Amino acid sequence: MSQSDFGLIGLAVMGQNLVLNVESRGFTVSVYNRTTATTEEFVSRHPGKRLIGAKTLEEFVGSLKRPRKIQIMVKAGGPVDAVIEQLIPLLDPDDIIIDGGNSLYTDTERRDAYLASKGLRFIGAGVSGGEEGARKGPSIMPGGPASTWEVMKPIFESIAAKVDGEPCVIHIGPGGAGHYVKMIHNGIEYGDMQLICEAYNIFKHAGFTTAEMAAIFNEWNEGDLQSYLIQITGKALEQKDPQTGTPVVELIVDKAGQKGTGQWTLLNAAENAVVISTINAAVEARILSSQRAQRLVASRELSGPVPAFSGDRAALVRKVHDALYASKIISYAQGLDLIKTMGEKKQWGLDLGRIASIWRGGCIIRARFLNRITDAYRANPGLVNLMLDPFFKNILNTTQQNWREVVAEATLQGIPVPAFSASLGYYDSYRAERLPANLLQAQRDFFGAHTYERLDKPEGEMFHTDWPEVIG
Ligand code: 6PG
């Protein structure tokens with residue numbers, strides 16, 4: 001009998017938790033997993049819940065009310081296409097397939113067009129929040145036709161996280177807009193994480209114990225840096241290994257993994273000529289960390305200063321706080337600039353303020369200051385760069401001395417701060433009335449006759465100099 005309100009394919013951790021979330025809001029949910037044993041085990045672990053475990057896709061599709069709403073939670077890439085292909089012959093016109101994985105937005109656009117040609121509807125939805133978010137309320141970034149969003153809205157709004165009574169989900173825009181915004185969310189997540197790690201590394205080199213560092217992050221979580229990532233950092237630093245009593249963090253190999261969304265963000269930024277240097281530094285920091293064997297050799301071959309700190313510890317904490325706060329603003333300014341640029345190019349009609357508002361809850365980058373980003377875009381929807389909003393401008397003014405001192409001191413001591421310094425470099429470049437690109441233009445004209453504009457002539461008028469010949 002067709003009785004389920006919602007179907008989900010792919011019972012890995014995120015899938016299972018999303019199912020429980022949807023069910024807990026009063027919906028009946030059908031589930032299907034390629035390995036039937038997983039489905040059976042999942043359903044039997046949750047007796048009394050409105051769950052229907054299907055052994056075959058036919059059975060699964062047959063159990064759903066029409067128009068069917070089927071969410072796929074499988075690995076991004078080929079597996080999503082494979083599931084879609086299997087579903088197509090079983091579905092009826094206007095049924096809806098939702099891809100809730102971290103799919104590349106161009107794949108989503110391709111699938112959207114393909115499924116539309118088959119008379120089916122498709123939503124590419126970014127879902128953030130990890131296991132806990134999926135279970136209790138994630139931030140959801142759905143893209144696709146507005147009419148399909150209207151059908152999905154009741155379910156999405158009921159399962160999403162709530163902040164001030166507002167669900168952390170909006171219709172992001174058509175086609176691949178949802179997965180695109182989720183990709184940038186992840187880029188920003190990379191930036192936030194790296195900035196926190198740089199703060200930790202400075203404290204570590206300054207001789208703070210792990211417990212002291214945990215206390216700093218816990219305290220920061222009470223102030224303007226309050227965020228999920230700061231919160232879990234404090235908790236992670238507190239965690240002791242039961243066998244050795246050593247902080248777990250100190251036992252973890254310093255090789256960062258990544259599944260690709262950060263790298264996709266960089267590629268997209270390069271394609272659109274948008275500077276996201278903080279996120280860039282964060283991705284590259286992960287790459288360098290993963291080359292641990294090379295680093296171990298280089299640590300013996302390449303010299304540098306030996307970090308030594310002998311200053312006022314409380315002052316250092318304040319300075320690093322400010323460096324982190326300012327750099328975080330830069331990272332968001334860059335990420336939002338990229339979203340704005342792509343949104344305009346693709347005519348997605350994105351609302352940056354509302355996007356920031358659905359990141360306030362459920363997702364990995366949830367943070368107190370996102371309210372301020374929403375306010376900034378509400379006050380000025382055409383805001384060119386977040387740094388220019390009065391609230392953020394003021395923070396950048398008041399934190400910058402400390403920020404500069406942290407970057408300078410870390411650099412002098414040989415402590416890598418790629419994301420702090422990339423952020424500062426962006427800030428200083430962005431605010432420079434005059435950059436040395438005049439010389440760069442001269443070089444281009446010198447070797448390639450690429451021409452240049454002159455300050456004393458109208459814009460757009462191009463000039464060339466007959467530069468001297470260089471021999472040898
Ligand atoms: C989220 C996370 C989630 C996942 C990332 C991690 O918003 O819930 O971003 O999507 O944890 O894919 O990515 P890396 O493995 O690349 O760190």
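The values are calculated or read from the model by the stated rules, or taken from the named source; none is laboratory data. Predicted model only: the values in this text are computed from it and were never measured. Here the Cβ is made from the backbone with ideal geometry for all residues, glycine too, and neighbour counts use every protein chain on show. These area figures cover heavy atoms from the full protein model, side chains too; ligands, DNA and RNA do not enter into them. Shrake-Rupley method; radii C 1.70, N 1.55, O 1.52, S 1.80 Å.
Restricted to helices (runs of 4 or more DSSP H) entirely inside segment 201-286, those with at least 3 residues that are in contact (Cβ under 8 Å) with a residue 24 or more places away in the chain and not assigned by TED's automatic domain parsing to the domain that holds GLY77 are 210-220, 228-238, 261-271. Among the residues of segment 130-162, those identified as buried (at least 24 other Cβ atoms within 10 Å of the Cβ), in a helix (DSSP H, G or I) and in contact with a Leu (Cβ under 9 Å, 6 or more places away or on another chain) are ALA134, ILE159.
Restricting the search to helices (runs of 4 or more DSSP H) fully inside segment 357-444 and requiring at least 2 residues that are at pLDDT below 95 gives an empty result.
For SER331, the stated conditions hold: it is within 23 Å of CYS197 (Cα to Cα), out of contact with any strand residue (DSSP E or B) (no Cβ under 6 Å at 6 or more places or on another chain) and either surrounded by 21 or more Cβ atoms within 10 Å (Cβ to Cβ) or not basic (Lys, Arg) (or both).
Of the residues PHE391, PHE447, PHE420, only one is surrounded by 14 or more Cβ atoms within 10 Å (Cβ to Cβ) and free of Cβ contacts under 8 Å to residues at least 60 places away in the same chain; which?
One residue alone meets the criteria, PHE391.
Hey, any hits in segment 182-189 for a residue that's over 16 Å from ALA323 (Cα atoms) and more than 14 Å from the ligand (Cβ to nearest atom)? No; the residues of segment 182-189 include none that is over 16 Å from ALA323 (Cα atoms) and more than 14 Å from the ligand (Cβ to nearest atom).
Consider LYS345 carefully, then state whether it is surrounded by fewer than 16 Cβ atoms within 10 Å (Cβ to Cβ) and in contact (Cβ under 8 Å) with a residue 12 or more places away in the chain. Steps first, answer last, please.
Numbers: surrounded by fewer than 16 Cβ atoms within 10 Å (Cβ to Cβ): yes; in contact (Cβ under 8 Å) with a residue 12 or more places away in the chain: yes.
For LYS345, the condition - surrounded by fewer than 16 Cβ atoms within 10 Å (Cβ to Cβ) and in contact (Cβ under 8 Å) with a residue 12 or more places away in the chain - is met.
In segment 173-191, of all residues being outside any helix (DSSP H, G or I) and open to solvent by 10 Å² or more (accessible area, probe 1.4 Å), the one that is nearest to THR108 (Cα to Cα) corresponds to GLY175. Within segment 351-368, the set of residues being away from the ligand (no atom under 16 Å from the Cβ) and surrounded by 20 or more Cβ atoms within 10 Å (Cβ to Cβ) comprises LEU352, SER357. The number of residues in segment 196-232 that are of a type outside the set (A, V, I, L, M, F, W, C) and over 25 Å from the mean Cα position of the chain (by Cα) comes to 6.
Let's see how each residue does on (1) exposed (fewer than 15 other Cβ atoms within 10 Å of the Cβ); (2) basic (Lys, Arg); (3) within 22 Å of ARG121 (Cβ to Cβ):
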{"residue": "TYR32", "(1), (2), (3)": "no, no, yes"}
{"residue": "THR35", "(1), (2), (3)": "yes, no, no"}
{"residue": "GLU40", "(1), (2), (3)": "yes, no, no"}
{"residue": "LYS65", "(1), (2), (3)": "no, yes, yes"}
{"residue": "LYS69", "(1), (2), (3)": "no, yes, yes"}
{"residue": "MET73", "(1), (2), (3)": "no, no, yes"}
{"residue": "ALA76", "(1), (2), (3)": "no, no, yes"}
{"residue": "LEU87", "(1), (2), (3)": "no, no, yes"}
{"residue": "ASP92", "(1), (2), (3)": "yes, no, yes"}
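In summary, VAL306 fulfils each of the numbered conditions (1) in a loop (DSSP other than H, G, I, E, B); (2) under 24 Å from VAL320 (Cβ atoms); (3) within 16 Å of the ligand (Cβ to nearest atom) with the single exception of condition (3). Selection of first residues in segment 103-118 that are closer than 13 Å to LYS182 by Cβ and of second residues that are of a type in the set (Phe, Trp, Tyr) and open to solvent by 40 Å² or more (accessible area, probe 1.4 Å), restricted to Cβ pairs under 7 Å at least 6 apart or on distinct chains, gives the following pairs, ordered by first then second residue: LEU104/TRP264. Here VAL127 passes the criteria (1) in a helix (DSSP H, G or I); (2) within 15 Å of the ligand (Cβ to nearest atom); (3) touching a Pro at 6+ places or on another chain (Cβ under 7 Å); (4) not polar (S, T, N, Q) except the one numbered (1). Considering GLU166, GLU157, the condition of being more than 16 Å from the ligand (Cβ to nearest atom), among the acidic types (Asp, Glu) and in contact (Cβ under 8 Å) with a residue 40 or more places away in the chain is satisfied by GLU166 alone.
I'm trying to understand the selection: among the residues of segment 231-290, which are more than 16 Å from the ligand (Cβ to nearest atom) and open to solvent by 70 Å² or more (accessible area, probe 1.4 Å)? Within segment 231-290, LYS235, GLU238, GLN239, LYS240, PRO242, GLN243, THR244, LEU251, ALA270, GLU271, ALA273, VAL275 meet the criteria.
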